[in-house]
Structures are given as C-alpha cells and as structure tokens.
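Asker: I have a structure I would like to understand better, so I am pasting it below and will then ask my questions one at a time.
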Amino acid sequence: QVQLVESGGGLVQPGGSLRLSCAASGRISSINAMNWYRQVPGKQRELVAAIFSSGTTNYADSVKGRFTISRDNAKNTVYLQMNSLRPEDTAVYYCNTYVFRNYWGQGTQVTVSS
C-alpha cells in the first residue's frame, strides 16, 4: 500500500507561481516513478510531469520551461514548481505512482485567474 497526500494548491494570478507537494508513505521503497496529473471537468486526466528514481524527468509540452518536478528522497516528497501560470493551467492536480497498481492522492485545486 502507498499513501499520497498533496498540498499547495490555491488561487494565483496569471504569471504567478505555486509549488505543489506530494508526501508519500507506505511501501515507498518499491516506487520508481512519481507523477503529477491534472484534470478539468469534462476532460481526461492528463500527465503533466514525471520523475524517475534515476532522476530523469519528463514534461507535457504545454508546461515545458514553466514547470519543474523534483523529489526529496529524505522526506519522501515530490514537488511541482509551477511558474508563469496561465488560466489554462487551472485544474485539479493529482499525485500518482504505480506499485503493482495505480495510487492517487486526493487532488489539490489550482486556479489561475485575475
């Protein structure tokens, strides 16, 4: 079992920044990749960023150059630093990992609006 708890969402103006955190607990030694997804009502959940145990990262084209994913292994926490936020980044953001099955956090709302 793996538990994921996100934090750090909120309301920000266009051009602003937010940092999301995802704290993992449980069977964390089996975790390879940690991912951030986002979802808006009526649309499929989309992969935003991923980080592997090797340190390799991947990003959706829509966030490249603006978002940075990182992990602190000592704290079992993954971060998503979001800069130059746009209204189209508004969504519920979910932390995800796969250990024999998918695990999801509860989600955190990010709203980009003036």
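The values are calculated or read from the model by the stated rules, or taken from the named source; none is laboratory data. Since the model is a prediction, treat every value here as computed from it, not as a measurement. Note: ideal-geometry Cβ built from the backbone for every residue, glycine included; neighbour counts use all protein chains shown. These area figures cover heavy atoms from the full protein model, side chains too; ligands, DNA and RNA do not enter into them. Shrake-Rupley method; radii C 1.70, N 1.55, O 1.52, S 1.80 Å.
Asker: Basic (Lys, Arg) and touching a Gly at 6+ places or on another chain (Cβ under 8 Å) - does that describe any residue in the stretch 44-53? Spell out the reasoning first.
Answerer: From the stretch 44-53, those basic (Lys, Arg) are 45; that's our starting set.
Adding the requirement that they be touching a Gly at 6+ places or on another chain (Cβ under 8 Å) leaves none.
Within the stretch 44-53 (the criterion being basic (Lys, Arg) and touching a Gly at 6+ places or on another chain (Cβ under 8 Å)), the answer is no, since none of the residues qualifies.
Asker: Yes or no: the stretch 93-100 includes at least one residue that is in contact with a helix residue (DSSP H, G or I) (Cβ under 8 Å, 6 or more places away or on another chain), at pLDDT 95 or above, among the β-branched types (Val, Ile, Thr) and open to solvent by less than 70 Å² (accessible area, probe 1.4 Å).
Answerer: no
Asker: Here is a list: VAL78, VAL40, VAL63. Which entry is exposed (fewer than 14 other Cβ atoms within 10 Å of the Cβ) and touching a residue at least 12 places away in the same chain (Cβ under 8 Å)?
Answerer: Details: VAL78 fails: exposed (fewer than 14 other Cβ atoms within 10 Å of the Cβ); VAL63 fails: exposed (fewer than 14 other Cβ atoms within 10 Å of the Cβ).
So the residue among VAL78, VAL40, VAL63 that is exposed (fewer than 14 other Cβ atoms within 10 Å of the Cβ) and touching a residue at least 12 places away in the same chain (Cβ under 8 Å) is VAL40.
Asker: A follow-up question, please. Which residues, taken from the stretch 1-24, are in a strand (DSSP E or B), touching a Leu at 6+ places or on another chain (Cβ under 8 Å) and open to solvent by 50 Å² or more (accessible area, probe 1.4 Å)?
Answerer: Within the stretch 1-24, SER7, ARG19 meet the criteria.
Asker: Between THR57, THR68, which is under 20 Å from ASN102 (Cα atoms), under 15 Å from the mean Cα position of the chain (by Cα), among the polar types (S, T, N, Q) and open to solvent by 30 Å² or more (accessible area, probe 1.4 Å)?
Answerer: Working: THR68 fails: under 20 Å from ASN102 (Cα atoms).
After ruling out the rest, the residue left standing is THR57.
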